[in-house]
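Laboratory data are not the source of any read-out in this text; all were calculated from the coordinates shown. These numbers come from a predicted model, not from an experiment.
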Amino acid sequence: MKQSVRAKRMARNHRRNSAQGKLSLVSLMDIFTILVFFLMLNASDVQVLQNDKSLTLPKSSTETAAEEQLLMTVSQQRILVDGKLIMTIDDVLADQDGELDALANELRLRNQFRAANLSPRDSEDGVSDAFAITIMGDHEIEYQALKKIMKTCAQLGYTNISLAVEFVEGESPLPAEGAL
């Protein structure tokens, strides 16, 4: 049977369109390569600390990055060490003898755990002399409470104390000359 011109054209187009198309992977490889390099370069520059919604950090334009160490969160109501509730700020302010017993007990446990996990090389290098701690304190914390917390930390060997701040680019942490 003879086919019309239209039927021949439709059959030809059907054969051509039924063949699988080829996917060009070169452009996709370029995009993924750029994406991988972008993620590798930017992933190492950022250190994210867990943040409590009730906590507002003081602002600073410091250039020094924080190191990975024991994290203490001091909000307006409570003190947490690595997410574990230790005591409330009311207890800190009510304490008269200076050393905060609940905080001291927790830090002593951390000292024992750290000392048990030190390698002999670390103790030879003097790493065990001073423990490091980062305090994430709300910007409205009373100075007396923060002073008692830092004193307790220092008495237990945590002499390398860092205060976490929110980085603000371009602002000077000191007031302008003549502003006082």
Report task. Please give every one of the lysines within straight-line cross-link reach of K151, meaning a C-alpha to C-alpha distance under 17 Å, and leave out same-chain neighbours fewer than 8 residues apart. Result -> none
**Report entry** Partner lysines for K148 [C-alpha distance under 21 Å; skip if fewer than 8 residues away on the same chain]
**Finding:** K84
Requested in this report: Please give the length that would be gained between L41 and A94 if that part of the chain were fully extended, namely 0.36 nm times their separation in residues minus their C-alpha to C-alpha distance (nm, one decimal).
Outcome: 14.3 nm
Query raised in the report: Around L71, which amide H atoms from residues at least 5 apart in sequence, or from another chain, sit under 5 Å from its own amide H, with H modelled in the peptide plane?
Result: D82, T134
Query - Potential lengthening between A104 and L28 on full extension [0.36 nm per residue; Cα-Cα distance subtracted] - result: 21.7 nm
